[in-house]
Structures are given as C-alpha cells and as structure tokens.
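The values are calculated or read from the model by the stated rules, or taken from the named source; none is laboratory data. These numbers come from a predicted model, not from an experiment. Using ideal geometry, Cβ is built from the backbone for each residue, glycine included, and neighbour counts are taken over all protein chains shown.
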Amino acid sequence: MKCPYCGHLNNKVIDSRLNKDSTITRRRRACNHCEQRFTTYERIEVMLPMLVKKDGRREPWDRGKIVAGIEKACEKRPVSIADIDRFVDVIEGRLQDTGGKEIPTSRVGEWVMEALPELDVVAYVRFASVYRQFKDVNEFMDELKIFLVDKDNPAS
C-alpha cells in the first residue's frame, strides 16, 4: 500500500477491524519511511453486470454515482452517510442477485424508487422529480398521488 504522505510502499498494519456486517475491513497503517499513520478500507470486489443506458450505451456499475444521487436527494435531511451506504449495499446486492451480464439502468432506477420512501419520503420526492423528468407540475402531482395511494394501501 502506497503511503499517501510520502509515496513509499513499505508500511505496517497496526490494527485491523471488520465493520458490523463483516463486509469491510478497516486497517490502520504506519509508513516505515515517514512514520505517518493512515487508514485503508478493503471490500470484496464482486463482478456486477454492465448497465445498459437508455441510448444503448453500456457502462460498468459505479457505486459513487448512485451514492452521489442519493446524497443529493437526502441533502439537509436527517439521513446519515451510514444509512445511505446500507441503502446502496441493498441495491448492489440486488444487482448481484440478478446473475446476468447486463441490466438496464431503468431497472436500477425502479429499485431505488421502490426502496427510497423507507429511507426518507422527501428524498423519494426529490429523486422522483429528477428520475421521472416531469414536464409539468401536473405530472409531478399525479406521481405524488400514486405514491400516497400506494403508501395508504400497501397490499395494492
């Protein structure tokens, strides 16, 4: 591991800990050259399907993109970064579970739309307004009515 302070490759691990889900290893390291300490995180790299965009382009899954989108939707809301990480972990898990080599981005967007109200209702409304690309207020109100009906009648 390259030291972020001096660039040398020789360092030692001082401490290692797993997160509560045992999916990420946090390591405290000390550089043997400059003696600065730094933290690294390890996560299992899984092969996720390629995402197929609306225009047919394909691109690899980018966790950072979905995290940024959810963070934007949750801006100034009482939603922690840990909650957002768990939310994205669930979406990644669903991607893994498909077992396919490709998946349309529209399906991932629908998964987000289904699960986001449980994280934060205001974030759902914000995300929906961007994701659905409403042309006017009436389309937005129609979507909101559908959401409110579904929320009141979970069996429907």
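Scanning region 54-65 for any residue that is over 16 Å from the mean Cα position of the chain (by Cα) and surrounded by 13 or more Cβ atoms within 10 Å (Cβ to Cβ) turns up nothing.
Exactly one residue out of 109, 69 is surrounded by 15 or more Cβ atoms within 10 Å (Cβ to Cβ), touching a Phe, Trp or Tyr at 6+ places or on another chain (Cβ under 6 Å) and over 26 Å from residue 22 (Cβ atoms), and it is 109. Scanning region 89-111 for residues that are aliphatic (A, V, I, L, M) and part of a helix (DSSP H, G or I) yields 90, 91, 95, 108. In the set (1) surrounded by 13 or more Cβ atoms within 10 Å (Cβ to Cβ); (2) under 17 Å from the mean Cα position of the chain (by Cα); (3) not assigned by TED's automatic domain parsing to the domain that holds residue 123, the condition left unmet by residue 23 is number (1).
Quick check: is even one residue across region 71-87 more than 29 Å from residue 109 (Cβ to Cβ) and of a type in the set (Ser, Thr, Tyr)?
Taking every residue of region 71-87 in turn, none turns out to be more than 29 Å from residue 109 (Cβ to Cβ) and of a type in the set (Ser, Thr, Tyr).
Every test in (1) farther than 30 Å from residue 103 by Cβ; (2) surrounded by 12 or more Cβ atoms within 10 Å (Cβ to Cβ) is passed by residue 76 save one, and that test is (2).
Only a single item in (1) at pLDDT below 95; (2) outside the structural domain of residue 132 (by TED's automatic domain parsing); (3) surrounded by 12 or more Cβ atoms within 10 Å (Cβ to Cβ) is not met by residue 28, and it is number (1).
Could you please give the count of residues in region 76-109 that are charged (D, E, K, R), in contact (Cβ under 8 Å) with a residue 40 or more places away in the chain and out of contact with any Asp or Glu (no Cβ under 9 Å at 6 or more places or on another chain)?
The initial filter retains those residues of region 76-109 that are charged (D, E, K, R), namely 76-77, 83, 85-86, 89, 92, 94, 97, 101-102, 107.
Pick out the ones that are also in contact (Cβ under 8 Å) with a residue 40 or more places away in the chain and you get 77, 89, 92, 101-102.
Cutting the leftovers down to out of contact with any Asp or Glu (no Cβ under 9 Å at 6 or more places or on another chain) gives us 92, 101-102.
Result for region 76-109: 3.
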